[in-house]
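This report refers to the structure that appears directly beneath it.
Laboratory data are not the source of any read-out in this text; all were calculated from the coordinates shown. Values in this document were obtained by computation on a predicted structure and should not be read as measured data. Note that each Cβ is placed from the backbone with ideal geometry, even for glycine, and that neighbours are counted across all protein chains shown.
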Amino acid sequence: MFARIMPIVIKELLELRRDKAARFLLVVPPILQMLIFGYAATFEVHHVSTAILDLDHSQESRELIARFTSSSRFDVVEVAQSQHQINAAIDASDAAVAIVIHAGFADALRKGQGASIAVIVDGTNSNTALIALGYINTIATGFAQDYAANLMQREQGARGMRQVQVTLEQRPWFNPDLNGRWFFVPGVIGTLTLIIVVNLTAFAIVREREVGTLEQIMVSPIRPVEFIVGKTVPFFLVGLGEVALVVSVGLLWFRIPFVGNPLVMLLGTTLFLLSTLAVGLLISTVCSTQQQAFSTNFFVLSPFFILSGFAFPIASMPQVLQWFTYINPLRYYLVVIRGTLLKGVGVSVLWPDFAAMAILAVVLLTLSILRFRKTLE
Amino acid sequence: MRLRRLKAMAVKEVLQIWRDPRSLMIALLLPFTQMFMFGYGVNLYLKHIPVCTFDREGSQASQDLLKRFQASLYFAIAENVTTYPQLVAAIDRADCRLGIIVPPDFSERLNDTGTAPVQAILDGTDDNTANIAFGYAAAVVISYSNTVQMAQLDRQGRTLQVVQPLQVQSRVWFNEDLESRNFIIPGLVAVIMALVGAQLTSLTISREWERGTMELLVSTPVTAGEVMFGKLIPYLLLGWLDAAFCLIIAALWFAVPFRGTLGALFLTTTLFLAVVLSIGYLLSVLIRSQIGASQIALVVTLLPAMLLSGYVFPIDQMPTFIQKLTYLMYARYYVTIIKAIFLKGSGIAELWAPMLFLVVYALAVVLLAARAFRKRLA
């Protein structure tokens, strides 16, 4: 059996070596994509363009505005003179946020009647809007608390009062600065690997079928299992190389930490590659032309990407889509890769994901061998 | 360019599409499935964030505080742990995203000094969730703090005006309920059309080469321009159909408010389809073998359309260099246009800038494709 598998492996590797374009496609685009997407994917919100309208012109209003101007979260792009200008700025998308302090703000504060500021947010990007609103609230609350503390202090001497303040201290683990890149770069690593490996495998067999060399191979004494194993081994090796390449870019360029055990990562990567290879093989057994393989790849890869937890929390999806994520190898691999790179957890935590990928690999590989046999008959 | 020959090319292409029912099915089904899958799958709204509480004091005060987390819609108590290692394990397994630790001297400090800290342990691997969760948690703690303050003042028989906090009265424009669906779905139409469109045409020319029918085509009197437009017209019809499906699903099923005019929508969509289809055509001319064409089509469309078009990841938050790169991503113009038409009700007058970009883009790609095609024949 081994003697019959080896020639196929060697044949595939030779084919890859001779194909200059393929070698280029395997190295350069993944590196470029890592660099571009590693920077592009972010939900962090800095420098929100802000317009400000101060109709109160008091010391208090200026103090509050200073808190916004000094924050790196907001860039004051316009100091408006009228409500009309504010509306125009939001309409033209010059500003995403507008803060209006009405006349009487300081008066209300001093009398303790509860002052208010008006905020207008462009909701077209709801996520940015939500986060920006959060920052505005934090700044406003900070201002109010300090103001109240000041007032209390003055009164405390006179009447013996005390301010109560329960504070929440932020202790982020695994990512002390809550750097968004640390979340997305591992995701890009997994996604790129998925796309490359599925694509390679799906096209390999379909191409042989289309060109007619598959018939030739089938008249040789090789069995379907041996053929599939022979086809898979080279792509598995290529896949390992790809992972090493993109992980290196993540570690060296983006300075993502690697706190876990490389062996755990290797085990997880092996299982992931086996299951994605199986997906590619299955696609190639259902398709008879490369065009079909291409369309099917598309059909399969984009939901795998969206429904993986790459950016959008699986817990927020409707139940039906959550079920679908269970057959998505990328879902498990993202847990493994983030777990080993950032958290440093081991097999004791990751075993359910390992098991799921192993089951997926076995089921899909068996299916594709069965289907492959059928298409030959 | 002769109309008769153009028509003949178009009819031939239509027949070819028609005789490959499987590809046709995929072309028509793809927008449907993608709209539903992405429409529901892409959701950044967080509710019921799993929380672990670690009450090291177990007093009336600490329980009062933790009960507020239980009552909040934003949180779901995953576990009440009693030891620190349990908390570590829960965060490691990602059973909870947030751990609230109440220190053993919580009520003592609250009574003695008036200030007491509570710790929020965050799973920082997902920074967006961590930030949002912390924001919600801070709000819970502040409201608790205010209640305690008022109770104390009450006991002293005093009025509570002094602690009245500053109120932020926010109004959200264009997407009043901050519904993430309204923000994502219009952009999604653009992304899906970018993907499906390039897909449709990218294989048409390379198929002719691989099957050897190109030689046949060249020996007829048709010109390069007639081949190109003859091939593109049927796909434009298919593209209109796909776009109409997506837009109808967006407006009727997902109930995204449509505030613009159909005329503006039709004009901009046609412009965008022209760009997308001719890009697919250019790719198919440039790359001889189908395998190369499809690989590259996948590389230059799938992830860039998702990540560089601004449909979820805001372009203005990217580094300057990447921002410049996004100008090459044709989907970004249509994302801007379609969001503006849907949510802001913008018309042609407001959208001239991205439309101009699309026109220039379409012309450039068509010219490039025509030149490349002539070169290939020579």
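Things worth noting here:
- Per-residue mean of foreign Cβ neighbours for B:33-46 is 6 (Cβ atoms of other chains, 10 Å radius).
- FRET efficiency for the pair A:VAL79 and B:LYS67, taken as 1/(1 + (r/R0)^6) with r the Cβ-Cβ distance and R0 = 35 Å, rounds to 0.20.
- Cα-Cα pairs of region A:116-235 separated by more than 16 Å (percent): 80
- Looking at chain B alone, DSSP beta bridges between its own residues are antiparallel in about 25 percent of cases.
- Shown here are the Rg and Dmax of the Cα trace of region A:48-159, at 15.0, 52 Å.
- For A:VAL79, the shell of other residues with beta-carbons less than 13 Å away shows a net charge of -3, using +1 for Lys and Arg and -1 for Asp and Glu.
- Sequence-distant lysines (8 or more away, or on other chains) whose Cα lies within less than 30 Å of B:LYS344: B:LYS47, B:LYS324
- Multiplying the residue separation of A:HIS57 and A:VAL225 by 0.36 nm and subtracting their alpha-carbon distance yields 52.4 nm.
- Lys, Arg +1 and Asp, Glu -1 on Cβ, resulting dipole of chain B about Cα centre, debye, nearest 20: 2160
- Residue (of B:VAL191, B:SER219, B:LEU237) at the positive-pole extreme of region B:180-238, dipole from beta-carbon charges: B:VAL191
- The orientation-averaged shadow of the Cα convex hull for region B:49-163, equal to a quarter of the hull surface, comes to 7.5 nm².
- GNM flexibility winner over chain A from A:LEU330, A:LEU273, A:LEU53 (Cα, springs under 10 Å): A:LEU53
- Per chain B, cysteines lacking a partner by the 4.7 Å Cβ criterion: B:CYS246
- Under the span-like rule (Cα at least 27 Å along the axis, Kyte-Doolittle mean at least -1.0), DSSP H helices of chain A: A:20-40, A:126-159, A:180-211, A:224-252, A:262-286, A:347-376
- For chain B, the longest principal axis of the alpha carbon atoms and the long axis of helix B:3-19 meet at an angle near 60°.
- For chain A, the direction-averaged projected area of the alpha-carbon convex hull comes to 25.5 nm².
- Calculated on the Cα set of region B:187-275, radius of gyration then Dmax: 16.5, 53 Å.
- Placing +1 on the Cβ of every Lys and Arg and -1 on the Cβ of every Asp and Glu, with nothing else charged, gives the protein assembly as shown a dipole about its Cα centre of roughly 2460 debye.
- Each label point was placed 7 Å from the Cα along the Cα-to-Cβ direction; for B:VAL360 and A:HIS47 their separation is 2.2 nm.
- Hypothetical label at B:ARG371: residues of region B:312-330 whose amide nitrogen lies under 20 Å (7 Å Cα-Cβ projection): B:328-330
- Rg and Dmax of region B:116-239, based on Cα coordinates, read 31.5, 100 Å.
- Highest GNM mean-square fluctuation among B:THR326, B:THR83, B:THR53, for chain B modelled with Cα contacts below 10 Å: B:THR83.
- Under 12 Å, Cβ to Cβ, from A:VAL9 - net charge with Lys/Arg +1 and Asp/Glu -1: 0
- DSSP beta bridges in region B:49-163 [antiparallel fraction, %, rounded to 5]: 25
- Using Cβ point charges alone (K and R +1, D and E -1), the dipole size of region A:48-159 about the Cα centre works out to roughly 480 debye.
- Inter-chain Cβ neighbour average for residues B:177-190, partner chain, 10 Å: 3
- Volume per residue that the Cα convex hull of region A:247-377 spans, once the total is divided by residue count, Å³: 128
- Taking each residue as 0.36 nm, the span from A:ASP91 to A:MET218 lengthens on full extension beyond its C-alpha to C-alpha distance by 39.1 nm.
- Relative to the dominant Cα principal axis of chain B, helix B:352-377 is inclined by about 40°.
- Distance between the modelled labels on B:GLN167 and A:MET1, one decimal in nanometres: 7.6 nm (7 Å Cα→Cβ projection).
- Distance distribution note for chain B: the fraction of Cα pairs above 35 angstrom is 46%.
- Normalised radius of gyration (Cα atoms, divided by 2.2 N^0.38 Å) for the protein assembly as shown: 1.08.
- Between the listed residues B:PHE134, B:ILE205, B:GLY39, the Cα displaced farthest toward the positive end of the dipole of chain B, a dipole computed from Cβ unit charges relative to the Cα centre, is found at B:ILE205.
- Within-11-Å neighbourhood charge of A:ALA98 [Cβ basis; K, R +1; D, E -1]: -3
- Nearest 10 degrees, 0 to 90: helix B:60-71 Cα axis against chain B principal axis: 20
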